[in-house]
1. Taking A225, is it more than 30 Å from R31 (Cβ to Cβ) and away from ligand 1 (no atom under 11 Å from the Cβ)?
2. Could you tell me whether T278 is β-branched (V, I, T), within 14 Å of ligand 3 (Cβ to nearest atom) and closer than 30 Å to D93 by Cα?
3. I need the full set of residues from segment 256-282 which are surrounded by fewer than 20 Cβ atoms within 10 Å (Cβ to Cβ) and away from ligand 1 (no atom under 16 Å from the Cβ), in order please.
4. Which of the residues that make up segment 11-53 are under 30 Å from L105 (Cα atoms) and more than 19 Å from the chain's Cα centre (by Cα)?
5. Tally up the residues in segment 116-137 that are aliphatic (A, V, I, L, M), touching a residue at least 24 places away in the same chain (Cβ under 8 Å) and part of a loop (DSSP other than H, G, I, E, B), please.
6. Would you be able to tell me the number of residues in segment 253-298 that are of a type in the set (S, T, Y) and at pLDDT below 95?
7. List the residue pairs whose Cβ atoms are under 8 Å apart, where the first residue sits in segment 261-288 and is outside the structural domain of L148 (by TED's automatic domain parsing), the second is away from ligand 1 (no atom under 16 Å from the Cβ) and among the aromatic types (F, W, Y), and the two are 6 or more positions apart or on different chains.
8. With the checklist (1) assigned to a strand (DSSP E or B); (2) among the aliphatic types (A, V, I, L, M); (3) over 18 Å from G8 (Cβ atoms) in hand, flag the one item L157 doesn't pass.
Amino acid sequence: MTARILDGKAFAAKLRAQVADAVVGLTKRGRPAPGLAVVLVGDDAASQVYVRNKVKATEGAGMRSIEHRLPADTTQDALLQLVASLNDDPTVDGILVQLPLPRHLDSAPVIAAISPAKDVDGLTIENVGRLAAGLPGLVPCTPLGCMLLLDAALGDLAGKRALVIGRSALVGRPIAQLLTQANATVTVAHSKTRDLAGEARRAEILVAAIGQADFVRGDWIAPGATVIDVGINRIVENGTARLVGDVAYDEALPVAGAITPVPGGVGPMTIACLLANTVVAAHRRHGDVAPRWSLKED
Ligand SMILES: NC(=O)C1=CN([C@@H]2O[C@H](COP(=O)(O)OP(=O)(O)OC[C@H]3O[C@@H](n4cnc5c(N)ncnc54)[C@H](OP(=O)(O)O)[C@@H]3O)[C@@H](O)[C@H]2O)C=CC1
Ligand SMILES: Nc1nc(=O)c2c([nH]1)NC[C@@H]1CN(c3ccc(C(=O)N[C@@H](CCC(=O)O)C(=O)O)cc3)C=[N+]21
Ligand SMILES: [Mg+2]
């Protein structure tokens, strides 16, 4: 047996097409094309990849991309001022500040400065609270992408045992909340978890968001489980660099029922969801009913 490969690139293309349709709809009602502003301070490697792919996708969907690349020695005040000006800019519907910031900057006040209505990363206290309370808001892109993939792969998740490895504000925690909302039975593991392999073996859905190359081994995976590999790890082998996930993919392939590859899995979905969130934010700002996204076969 070999796992069904969940082709994130293909699913993301489908979502981007839905986003592009929604942009056409907005334009037909006389609304401006949605604008997405990205702020990158310094030169974090994972963020560089993200920004590059994002600019292309934004323009491909008929949206406007606004890029602010600031030097690594940018001051906290300058960054806060930039965020304030993006909040006030009527041509900007979504604001994303790339994390991590250089060490001399404090991310909490920067995130707090983002208008919740433009917070397409879903990181402000307002949107975190809305997700926790089950109220509509803006949901972080990677968790949203994982849920769309799971919905397409499995349909109803009610009663399924899910393990999320990782509890970050950007990835692990919101994924666990969305899985709970979808009626899965959710366990959250982290660096203090005892017998992680044992926890993993019980999971029908396994989400790895750790940041360690090939950390989850093949014999941790329950036969037939659905594996969502969020990790983006750059490794150098025989002098050449490549991206690998948090799951030992070759070991997992003969055991899992379905699996996302890296690259080509969750990453492209994150970008498509960023566009989707920006279009949702634009609809709400204009008082229009926001679209709903689904990648299920129809
Ligand atoms: N595909 C995509 O679109 C995206 C991919 N990523 C990638 O996903 C990965 C995770 O990102 P992020 O959540 O931001 O990372 P963080 O470093 O913020 O969080 C990592 C989490 O993994 C846990 N962890 C670390 N080591 C272990 C271990 N040995 N055993 C069990 N748990 C462990 C940590 O536990 P503790 O809390 O106890 O420290 C923490 O909760 C990274 O590779 C990142 O590059 C991130 C965003 C988007
Ligand atoms: N505020 C904030 N929000 C984020 O969501 C955020 C962030 N900061 N900082 C950096 C991480 C990392 N991240 C990625 C998203 C997509 C790809 C991606 O497109 N990956 C593709 C392409 C890889 C390639 O081009 O080689 C893939 O996996 O197939 C990668 C990495 C978002 N992050
Ligand atoms: Mg990927």
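The values are calculated or read from the model by the stated rules, or taken from the named source; none is laboratory data. Predicted, not measured: the structure shown is a model, and the values here were computed from it. Backbone-built Cβ (ideal geometry, glycine too); neighbour counts: all protein chains shown.
1. On the way: more than 30 Å from R31 (Cβ to Cβ): yes; away from ligand 1 (no atom under 11 Å from the Cβ): yes.
Yes.
2. On the way: β-branched (V, I, T): yes; within 14 Å of ligand 3 (Cβ to nearest atom): no; closer than 30 Å to D93 by Cα: yes.
So T278 fails the test.
3. Residues satisfying the conditions are G257, A258.
4. If the condition is that a residue be under 30 Å from L105 (Cα atoms) and more than 19 Å from the chain's Cα centre (by Cα), then P34, V41, G42, D43 are the ones that fit.
5. 2
6. Going through segment 253-298 one residue at a time, the tally reaches 1.
7. A276/W293
8. (1)
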